[in-house]
1. P(r) of the chain in 10 Å steps, Cα pairs, percent per bin?
2. So what is the 222 nm mean residue ellipticity for the chain from helices alone, if each DSSP H run of at least 4 adds -39500 (n - 2.57) and you divide by all residues, rounding to the nearest 500 deg cm²/dmol?
3. Taking C-beta distances below 4.7 angstrom as the pairing criterion, name the unpartnered cysteines of the chain, in sequence order.
4. With +1 assigned to the C-beta of every Lys and Arg and -1 to the C-beta of every Asp and Glu, and no other charges, what is the dipole magnitude of the stretch 3-86 about the Cα centre in debye, to the nearest 20?
5. Checking understanding here: applying a Kyte-Doolittle mean of at least -0.5 and a length along the axis of at least 20 Å (C-alpha), which whole DSSP H helices in the chain pass?
6. What does the charge count around VAL10 come to, taking other residues whose C-beta lies under 13 Å from its C-beta (Lys +1, Arg +1, Asp -1, Glu -1)?
Amino acid sequence: MHPIELLRHVARSNSGWVDDAELAADAAIGLAALSHEDPAAMVTACARMRERHPDCRPLHRACERMLLATNAEAEAHRILDELDRLGTLAE
């Protein structure tokens, strides 16, 4: 799946269908892939996901961390590990 399509899926997902950790994990994967193709598009993608899911703290935190990361792929792996261990992302 193309990174943009994955990020659109996250943005359009109904929070009643998937949990917050799953949204954050999918966002991290999509943003890591997008960072190779179009890093500037990450900002727009994060803004849209945050707008569509204003109460999803793990998603917001994943977006923040991915935008600040110097190595997006490594940060995505850290996010996925943290979500797997804790079920959420630390503030």
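1. Calculated over all Cα pairs of the chain, the distribution is 19, 58, 23, 0 percent.
2. On the way: 5 runs with 67 residues, N = 91.
Using -39500 (n - 2.57) per qualifying helix, the result is -23500 deg cm²/dmol.
3. CYS56
4. Working: 10 positive and 15 negative charges, 54 e Å.
That gives the stretch 3-86 a dipole magnitude of about 260 debye.
5. On the way: long enough: 20-37 (26 Å, 0.56); 72-86 (21 Å, -0.56).
Qualifying helices: 20-37.
6. -1
Read-outs: derived from the displayed coordinates by stated rules, not from any lab. What you see is a predicted model, and the numbers here were worked out from it, not measured in a lab. Quick reminder, even Gly has a Cβ in these numbers, built from the backbone with ideal geometry, and neighbours come from all protein chains shown.
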